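Just so it is clear, none of the values below were taken in a lab; they were calculated from the coordinates. Only a predicted model underlies this, so the values are computations on that prediction, with no experimental measurement involved. Every residue, glycine among them, receives a Cβ derived from its backbone with ideal geometry; neighbour counts consider all protein chains shown.
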Amino acid sequence: MKCRAESRGDLPVALVQLNSTPDVERNLACIGEYVAEAAALGCRLVALPENATVLCSEKDKWKFEESLDGRQVSTVRELAVRHGVHVLLGGFPETNENGKPYNTQVLTGPSGDIRAVYRKIHLFDVAVAADTSHRESDTTCAGPAAAVVAEVEGWRIGLSTCYDLRFPELFRCLVDKGAEVFSVPAAFTMRTGAAHWHVLNRARAVENHSWVIAPAQVGIAYGRRESFGHSLVVDPWGVVVADRGRERGMLVTRLESGMAANVRQSLPCLSHRRFGVVPLDVSPE
């Protein structure tokens, strides 16, 4: 079934759920197939998960770091041009002069232009069980504490990555910069994903009356790390309108124009704030 906008202003989107590997060329070939399929279905935005171009152990990440002009981003830009769509590369290891790469998200437009670059702010340094700990900061540099919002066909999209989802103040800053959609590309672990993935994505949607698009990694990578999957689209009322489950593949849906503004008018929590208030325009789209 084709996913073409049913009314002016709707945004047809595809979220790609990957099981990426340390083989960059294999991952890029897989991404190319999904972007082609999404474009053929009429989608205007194709969102890829965190670590889309390479998913390897943290200690090996330095082997794959590249600049924004490198093979990974350049290939995604070429795909955007070839198929005439926006492509959101959810995360790749970007070279950084400080010695450790950034975890960088890149939004590319249909002409191949880079519309936005977001470097993951909050790094996954946790010990969720006695035998399960992660130290992303050992091998990755945190990005600057700045809210990044970009435009896709009239829609304002606020960028975040994976662990950022646990920090609601970031999403409130994105709303204050005009976001009505949040991108949350991720590689949530099985343990944390099963407990918190759905509730956190729904919470960010509800408390900000915004859409959430959250493409995810799924399955076992490099023989040991298992990702939760369940790529999601959540509407501004907090309803999960699409969930890819635990299978690789793509989910296709559309974001309805006017819904965020309508929810913000009928339940005006954003204008009722008493802390950190920034005036918002909640007029109909």
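Descriptive notes on the structure:
- Sparse packing (at most 15 other Cβ atoms within 10 Å of the Cβ) combined with a DSSP loop state is found for the following GluC sites (Glu not before Pro) in the range 54-122: Glu97.
- Cα-derived Rg over Rh, computed across the range 149-285 with Rh taken as Kirkwood radius: 0.99
- All aspartates and glutamates inside 20 Å of Lys100 as judged from Cα atoms, apart from same-chain residues fewer than 8 positions distant: Glu50, Glu58, Asp60, Glu65, Glu66, Asp69, Asp125, Glu136, Asp138, Asp164
- The gain in end-to-end length when the Leu41 to Asn96 segment is fully stretched comes to 16.1 nm, 0.36 nm per residue minus the alpha carbon separation.
- DSSP bridge pairs, the range 11-264: antiparallel proportion in percent, nearest 5: 70
- With N the number of residues in the chain, Rg(Cα) / (2.2 N^0.38 Å) evaluates to 0.94.
- Rounded to the nearest whole Hz, the Karplus-based 3J(HN,Hα) values (6.51 cos²θ - 1.76 cosθ + 1.60, θ = phi - 60°) of the range 259-271 follow the sequence 5, 4, 5, 5, 5, 5, 6, 6, 10, x, 4, 5, 7, with x at glycine and proline.
- Links that overshoot a 26 Å alpha carbon limit, given the list Lys120/Lys177; Lys59/Lys177; Lys61/Lys177: Lys59/Lys177; Lys61/Lys177
- Taking the charge dipole of the range 198-253 about its Cα centre, with +1 at Lys and Arg Cβ atoms and -1 at Asp and Glu Cβ atoms, the residue from Ala203, Ala242, Ala214 reaching farthest to the positive side is Ala214.
- Counting only DSSP H runs of at least 4 residues, each contributing -39500 (n - 2.57), and dividing by the residue count of the chain, the helix-based mean residue ellipticity at 222 nm comes to -6500 deg cm²/dmol.
- Ser133 paired with Val199, simple spin-label distance in nm, labels 7 Å along Cα-to-beta-carbon: 2.5
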